[in-house]
Amino acid sequence: MNDPADRNERVMALAEEVLQVPPSERDSFLQSACQNDPELYQEISEVVAWEERMSGFLSRPLIELIDFDPPEKPFEPGQTVSERFEILRRVGEGGMGVVYEAFDTKREQRIAIKSAKPGFGRLLSPELKGALRVRHPNVCLVNEIHTAETEFGGLDFLTMEFLDGETLASRLAREKLDEAEALAIARQLCAGAAEAHRSGVLHRDLKPGNVILCRNRDGSTRAVITDFGLSTDGAAAGEAEGGTLGYMAPEVRRGDKASQASDVFSLGVVLYEMITGQEPFPAVTRENGTVHHPTAPRKLVKNLPRRWDAAILPCLRPEPEERCSAEQILHALDRKPLYRRLALAVTTTMALAALATPGIIDLLTPPPIRLAVLPVVSPGDLDQTDQRILEDVAGRVRSMQAGKATISVISPSKLLGKGLVMPQETKKVLGATHALQLKLYPEGDGVNAEGTIIDLSTMAHVRDYSGHFAKADLADLRTGLTGFIGWALHVHRTVQPETVATAATTAYKTGREYLDRQPHDFMNAAREFEDATRLDPHLPLPAAGLAEARTREFQTTKNEQAKTEAQLWLAKAEALNADSPTVRMASGLLHQIRGDFPKAIDDYQRVEEIDSGNVEAMLGAGFAYESQGVLDKAVKSYDLAISKDPSNYRPYEYLGAFYYYRGRYAEAEGPYRKALELAPDRVDTYGTLAAVYTAEFKYAEAEKMYKALLQQKESALTLNNLGVNLSFQGRPQEAIDYYQRAVAMSPGRAIYWINLGDAQRRVKSLVDARSSYQHGLPLVQAALAANAGDASARAYLGYLQARLGFRGASRLEIAGAMNAPARDDQVVRCAVETYEALGDRELALAAVAMATPQTRALMNHHPDLAGLQQDSRFKRLIAHIQ
């Protein structure tokens, strides 16, 4: 076997076979398979040993398993890219990316360019769009994503700020940091990580090599975290998918998805090394995948302040849910030593001893947040008005809080009395933790308002505010700013009834009725909400309704104009009251449809904070967790919704769908039956339950249900699902009729076209099949353009490309789908079908191994997997299940 690629395939195939054999029998099996080839035996033994240490890491069909041999250098020094960027030199590279120093001739400044290598241009992380939004001095600034046309086709590259300095890894290797410098760097790293996490961006490979130490003009150190949102584009040699082994959280080592908690674990390891000069966990501990409690830093470093233990040790807890956040680490590092408060403690001890009941102590404990409402920056003719507005806002925030206050407010008049106008001054003089800055300036016939809340410990923007108001409507600014503060700082308050003006009531209620229909009648809803906004321009509900209607239109049609209008109406609603539960629900839906799941979760959680019984918020949060692959939290959200409203059918439908899409068909049956018990007229739920029966091989029962449903009401979903049922029974010609009726009713659903094409191919109508696949292709491409994290759309795209002959593109897309956080068993099944269509049996088998037992059994009946079903390795997987 002279071809290295062929030999690599042989090694991986045999390694996969060995891993299916019981451990006690593996060596004898391998010796038998590698007779007369000791080198092959050694290679496979090393792969198997590594796989056993990594607990299944190599069984995932990662992009490394695909055979590409592209040139390694997409650009060369001296080259001008996109008629703007002059390449100066190559400064480094990773598994799929190369970094260059370049000169931006338009901005006339030195920059860094990170480019995908040829062949990997579509694999830059979907989180990059989030990384573009992170603006913080301790996070490397990513300016823009570009695409250059090269001889290898379109190639993605990023422009970033150029960081002139050394890595933290180099610095630690050269000399030990003293405590003061370590504290300064640690604070900056925590501040940068906290800001990125607030923006929903993960790092996934935080380590000293990804921290650059630069010098500010005053000589102080600026610590900058690089590659936020980039680290999923490929790990360097010696690193695993979820990061570098020594810094990798235990759950990621076990194969779970990365999360903010896994970033925090890595950050804790970095801080531990900085202050102690050694690793918290020995290499042997890392290799066997376990994490024990490390030695406390104060036991290793003499006279080390207690705050280091308080900051680091919670990061390194084995269970992710027990770890702190990056922001909490920062607060622990900022904690003042006890001796500074000793004098105050002595003078108040006797008084506290007399009053020390829990309730009174709570009253004496100051709120954790002190908000300084800074005087407004505005022209003279607005000056008096704006000061009255902010004084009123300060009073409203104080009075809106329920229970023990969580925020105290320093009014602008108090700040002016002390001559304080800058955020940093309020922190030093009055102990403020946050500041509200507001600018007002005339524009057209009204006033533009731009505000921000600043976290004074990091100087990061917590939230930004903007709105345009007619001069006669500046009272709306009071409500808008109050809601903005409540939302940004999570002010504890109770839910209040939300209303619209009497004149707008009928239009608003009618719009809601249209929007609550199944399917959503977003066009009629939008017309009613437009009337409501005209009749009541001062309250947020009509604008939020329009944002939701346009979001539903975008979800259905993928019309970019609808998405743009949804964003504009949401901005209008937020300017009026961002802390309205209705507004946050509309925002959560828009973020969810766009694939920005961390922001959607933030929206839904705020609704739950205000209204603890809001079932729709729980379902939204559950679906967002599910889409990120955080499955335990998804199930908890669905279970909570059921406990809050056990007579509501919707939580049962969500839970049933959760189990169905993960190949747990028996578990899906119960929730679907309960949903139908509560809502017996739910036709689509009957249809989905019948789909469960098909997956459980109860073909006759499912077919009977589908045909009964079609007699009541014909729907595209029922027609499609009946076609699937008939296909699994070996009746493709009958299935074609139902698929054709489905696409006629709902031509915008790609899966219906895919199923039709498959059935046409099975009866040898190849021209018709190709036409159906071509109809589906732009639909999945549009879905991916709308949400780059849609694993199902990416899997469908890979499948269609395979059927249409685009083999290389198909491999890239299906690998991307398999590595997506939202991967479920439907994606895995699609990957198996795709690899079989491509003739990649080894990768098909690797994907089979990732499916649930029920889905593997379903594959054993799939009409397109007959060849796979005869493979002895597949048979062993099935036999193992049985």
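The values are calculated or read from the model by the stated rules, or taken from the named source; none is laboratory data. For clarity, every value in this text was computed on a predicted model and none was experimentally measured. Reconstructed Cβ throughout: ideal geometry from the backbone, glycine too, with neighbour counts over all protein chains shown. Just the protein is used for accessible areas: all its heavy atoms, side chains included, with ligands, DNA and RNA removed. Shrake-Rupley method; radii C 1.70, N 1.55, O 1.52, S 1.80 Å.
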Exercise for the section: Could you work out how far apart the two model spin labels at Arg807 and Arg89 are, taking each label as a point 7 Å from the Cα in the direction of the beta carbon, and quote it in nm? Expected result: 4.2
Fill in the blank from the handout: For Asn303 and Lys428, extending 7 Å from Cα along the Cα-Cβ vector and measuring point to point gives, in nm, a value of 2.8
Problem - Karplus (6.51, -1.76, 1.60) ³J(HN,Hα), θ = phi - 60°, over the stretch 404-420, in Hz, Gly and Pro reported as x - result: 5, 4, 9, 8, 10, 10, 9, 6, x, 5, 5, 5, 4, x, 9, x, 9
Completion exercise
Note on the stretch 771-835: contact order normalised by length, alpha-carbon pairs under 8 Å, 6 or more apart, percent, works out to 33
Completion exercise
Between Glu391 and Leu631, the two model label points (7 Å from Cα along the beta-carbon direction) sit apart by a distance in nm of 5.9
Completion exercise
Within the under-14-Å Cβ sphere about Gly670, not counting Gly670, Lys/Arg +1 and Asp/Glu -1 give a net charge of -3
Fill in the blank from the handout: Which residues qualify? For Arg463, with a placed amide H closer than 5 Å and at least 5 residues away or on another chain, they are Ile453
Handout entry: Over 22 Å (Cα to Cα) - which of Lys257/Lys636; Lys404/Lys428; Lys558/Lys599 fall in this group
Key = Lys404/Lys428
Practice task
Quick one: which residues, 5 or more positions from Val139 or on another chain, have an amide H under 5 Å from its amide H? H modelled 1.01 Å from N in the peptide plane, none for Pro or chain starts.
Solution key: Ile225
Exercise for the section: Just check the stretch 387-453 against the gyration tensor rule for me: Cα atoms, a ≥ b ≥ c as the square roots of the eigenvalues, rounded for a/c under 1.5, and otherwise prolate or oblate depending on whether a/b exceeds b/c. Expected result: oblate
Problem - Estimated FRET transfer efficiency when R0 is 60 angstrom, pair Arg110-Arg770 (beta carbons, to 0.05) - result: 0.75
Problem - Computed over the stretch 463-538: relative contact order in percent, which uses C-alpha pairs under 8 Å that are six or more apart - result: 26
Fill in the blank from the handout: Using alpha-carbon positions, the gyration tensor of the stretch 641-691 gives root eigenvalues a ≥ b ≥ c; with a/c under 1.5 called rounded, otherwise prolate if a/b exceeds b/c, else oblate, the class is oblate
Handout entry: Neighbourhood charge, 15 Å Cβ-Cβ cut-off, centred on Gln109 and excluding it, Lys, Arg +1 and Asp, Glu -1
Key = -3
Problem - Around Leu576: net Lys/Arg minus Asp/Glu count, Cβ-Cβ under 11 Å - result: -3
Problem - Accessible area in the full protein assembly, largest first, 1.4 Å probe, for Thr505, Thr147 - result: Thr147, Thr505
Exercise for the section: Sequence neighbours fewer than 8 away in the same chain don't count; with that in mind, list the lysines whose C-alpha is under 23 Å from Lys713. Expected result: Lys674, Lys698, Lys704
Practice task
Rank these by accessible area, largest first, 1.4 Å probe: Arg298, Arg662, Arg823.
Solution key: Arg298, Arg823, Arg662
Problem - Residue-by-residue Karplus 3J(HN,Hα) for the stretch 314-329, coefficients 6.51, -1.76, 1.60, Hz, glycine and proline x - result: x, 5, 9, 5, x, 8, x, 5, 8, 7, 7, 9, 4, 5, 5, 4
Exercise for the section: Starting from 0 in steps of 5 Å, tell me what percent of the Cα-Cα pairs of the stretch 542-620 lands in each bin. Expected result: 3, 19, 28, 25, 18, 6, 1
Exercise for the section: Round to the nearest 0.05 the FRET efficiency obtained for Ala782 and Arg517 when R0 = 25 Å and r is the Cβ-Cβ distance. Expected result: 0.55
Fill in the blank from the handout: Extend 7 Å from the Cα of Ala679 along its Cα-to-C-beta direction; within the stretch 487-518, residues with backbone N under 16 Å of that point are 513-518
Fill in the blank from the handout: Rg/Rh of the stretch 445-533 (Cα atoms, Kirkwood Rh), to two decimals, equals 1.08
Practice task
Run the dipole for the stretch 374-508 about the Cα centre, Lys and Arg Cβ at +1, Asp and Glu Cβ at -1, nothing else charged, and hand back the magnitude in debye, nearest 20.
Solution key: 700
Problem - Integer Hz, Karplus 6.51/-1.76/1.60 couplings in order for the stretch 157-167, x for Gly and Pro - result: 8, 10, 9, 9, 5, 8, 9, 9, x, 10, 6
